[in-house]
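This report concerns only the one structure given below.
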Amino acid sequence: MRFKHVPRAPASVDRVFEARRAVPLVPDTQDDCCTRLMERVGFPERDEAAKWLTFLRALGLVAEHESGYARTREDVPASALADRFLDGVYLAPAVRDAVANADEPASADAVFDAVASGVPQYERNKYPNSWREVWGDTVARELDWLALLGELEQSDDGRYALA
């Protein structure tokens, strides 16, 4: 399963592991996990905490159980996060490939144009007047994550190239 939306990329990948440590080892409800993320990591809003909880699932660092969410016990090195991101985040491989296939460093807008056909119809229907903005933001966030995780490089002018 691939997850659609990702939080904004932090300044450091350490934030991923900090958020993971805030999720209990024993399954707990989404509300309780979000509260822990807000209290221990400092996410200001429940929506942001929930987005991080889902994102941690996409990376395989948190699992959903019948009784709630729990962090996995597997020791995951930072070097494994890029592959997990590509495996668990919707459009991430296409985003990386769009950069790889560009003749020159690509802007977020150019990458979005290259992958827009992959946005599901139900998402277009969900946001009929703003799906391009919503998914343009999603692609921009994915680009930032791919840069943070070492798959891409971001230039000073905000364009992306393969690392």
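A few notes on this one:
- Residue-span extension gain [Asp137 to Asp113] - 0.36 nm each, minus C-alpha spacing: 7.4 nm
- On Cα atoms only, tilt of 92-101 relative to the major axis of the chain in degrees: 30 degrees
- Measuring nothing but alpha carbons in the chain and taking Rh as the Kirkwood radius, the Rg to Rh ratio lands at 0.98.
- The P(r) of segment 14-76 has a tail past 14 Å containing 45 percent of all C-alpha pairs.
- Point-to-point label distance, Ala100-Asn125, nm (Cα→Cβ direction, 7 Å offset): 3.3 nm
- Summing charges over all other residues whose Cβ lies under 13 Å from the Cβ of Gly150, with Lys and Arg as +1 and Asp and Glu as -1, gives -2.
- Sorting 43-53, 120-130 by average packing, meaning the other beta carbons within 10 Å per residue, from highest down gives 43-53, 120-130.
- Of all beta bridges that DSSP places with both ends in the chain, some 90 percent have antiparallel geometry.
- Gain in span if fully extended, Ala63 to Thr35, counting 0.36 nm per residue against the direct Cα distance: 8.4 nm
Every number here is computed from the coordinates shown, using simple stated rules; none is lab data. This is a predicted model, so every value here is computed, not measured. In this analysis, Cβ positions are derived from the backbone assuming ideal geometry, glycine residues included, and neighbour counts consider all displayed protein chains.
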